[in-house]
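No value in this document is a laboratory result; all are computed from the given coordinates. No experiment lies behind these values; they were computed from the predicted model shown. Cβ sites come from the backbone with ideal geometry, for glycine too, and all protein chains shown count toward neighbours.
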Amino acid sequence: MEVLARKVLINKEMVKKQVEMSYEECMEKIMSPAQQEIFRIVDEYWKMYGHSPTLQIIAEQRGKMGLANTKKIVDRLVRLGVLKRVEGMHRTIRPVYINFRTLE
């Protein structure tokens, strides 16, 4: 029985680990005033409480009632790369530079 060797090609760009940004690098990104406000709310909430705010808390901090608009802005910040979250799970919104292993 003869075994044929196969060469496996791996696209390095697809498996490349995303480099996390620092707070300063996040703030250098071009954001609208509403995006900056939400980023700062999430950042300060993490610093104060050590966990993520809910969308309702973020909306209340902004003085707004619309959760859908708040969610859209958070989604844009995730696509921009300054926030992270786990889809379908509650209280997972966090700035990209916060690492669970290094929380004080």
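Some points to look at:
- With a Förster radius of 30 Å applied to the C-beta separation of Lys64 and Met27, the computed FRET efficiency comes to 0.85.
- Anisotropy class of the range 12-102 from Cα gyration tensor, a/c 1.5 cut: prolate
- Placing dummy labels 7 Å off each Cα toward the beta-carbon, the span from Glu87 to Gln56 is 2.5 nm.
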